[in-house]
Every structure is written in structure tokens, then in C-alpha cells.
1. Can you tell me what percent of all Cα-Cα pairs in the range 3-141 are more than 25 Å apart?
2. Per 0.36 nm of contour for each residue apart, how much would the distance between residue 22 and residue 81 grow if the chain were fully extended, relative to their Cα-Cα spacing?
3. Before anything else, pin down the relative contact order of the range 1-120: Cα pairs under 8 Å, at least 6 apart, normalised by residue count, whole percent.
4. Before rounding to the nearest 500, sum -39500 (n - 2.57) across all DSSP H runs of length at least 4 in the chain and divide by the residue total; then give [θ] at 222 nm in deg cm²/dmol.
5. Give a quick list of GluC sites (Glu not before Pro) in the range 19-95 that DSSP marks as loop, anything other than H, G, I, E or B, with at most 16 other Cβ atoms within 10 Å.
6. Would you grab the residues whose amide H sits under 5 Å from the one on residue 29? Only those 5+ places off in sequence or on another chain, please, with H modelled 1.01 Å from N.
7. Assign one of three labels to the range 47-105, namely rounded, prolate or oblate, based on the Cα gyration tensor with a ≥ b ≥ c the square roots of its eigenvalues; rounded applies when a/c is under 1.5, prolate when it is not and a/b is larger than b/c, and oblate otherwise.
8. Between residue 116 and residue 143, what is the spin-label point distance in nm, taking each point 7 Å from the Cα along the Cα→C-beta axis?
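Nothing in this text is a laboratory measurement; each read-out follows from the coordinates by a stated rule. Since we're looking at a predicted model, the values are computed, not measured. Here the Cβ is made from the backbone with ideal geometry for all residues, glycine too, and neighbour counts use every protein chain on show.
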Amino acid sequence: MTVNIRNASTNDIPLIKSILSQYILETELVEENIDQFIVAENVGKVVGCACLDNSAGVIELRSIALMPACKNKGLGHRLFKTLEQRAKGMTDRIYVRTTARGFFDKMGFRALDNSQKRVLWQDCADCDKFDVCMQVPMVLKLR
């Protein structure tokens, strides 16, 4: 499988939303944040995506997802490494909120106490589902 990792364009929005929807990930802000997305492309078709969001005061890896047939082939790792390199010029740590803790453990992230979500993210502080949220907050120190 020959895969190209590139910056996303507005033409990629429908495919990005389709991939994210398969995992019940947020799609509402894709258009607004398209310049922060990268995509994995195989034979001209988008098969994965990821976003390095810096809009909330922290650098957060978001929306990392692959088409099911492309999982377990190293593409998630490639998407992550591309954004990790980008983040090194911006910050000394990357945060993530995830239900896929095992993947991020392998990438070197460490779990934070759940209470840190309210400190780091305003949407968590304001969320009425905080007590039942399954997302684990994690951090990766870059330096």
C-alpha cells in the first residue's frame, strides 16, 4: 500500500467527515479547522485523517482516524509522526482526549488524572456529561 500524507484541502471535507463518522467522532468543526488537518491518501483516495488543533490554548491531537480496511498497517503511526513533527515547532507537549488509550500509550503518551480535562479544556469544564465521559486525557512531552 503506497500512501501519501499531505495537508487536507476543502475538497477532502466530505471524506474526512465520512471517516470520522464511522467512529462517532466530532465532524461539526471540520470545515472551520480544515487547515489544521492532514490526510492519508492511497491511490488518490483519502483513507485517513488527523488534526493538530491549537485553537483552545493547548496543542491537541484530534480526529485521528482511518478507514477500517487501513487499520493495523502503520498509517495511524505515520499520521501521528507527521503531526508530532509539526507540533515540535509550536510547543513542548501535545495533549489528546481519547477512548483509544492503547494506541496513544504506544506513541509515548501518558495518561493524566481525569480532573485535568476540566483544567485544560473549557468544553470539558462546561460539559454536563463529564461524570460519564469515557475519554482519557493524555500528554506527550516533546522535549
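1. Values: 2157 of 9591 pairs.
Here the tail beyond 25 Å accounts for 22 percent of pairs.
2. Values: separation 59, 0.36 × 59 = 21.24 nm, distance 2.28 nm.
Full extension of this stretch gives 19.0 nm more.
3. Normalised by residue count, the contact order of the range 1-120 is 21 percent.
4. -7000 deg cm²/dmol
5. Within the range 19-95, the qualifying GluC sites (Glu not before Pro) (loop, at most 16 other Cβ atoms within 10 Å) are 26, 28, 31, 32.
6. Excluding prolines and chain starts, which carry no amide H, there are no hits.
7. prolate
8. Distance between label points: 1.9 nm.
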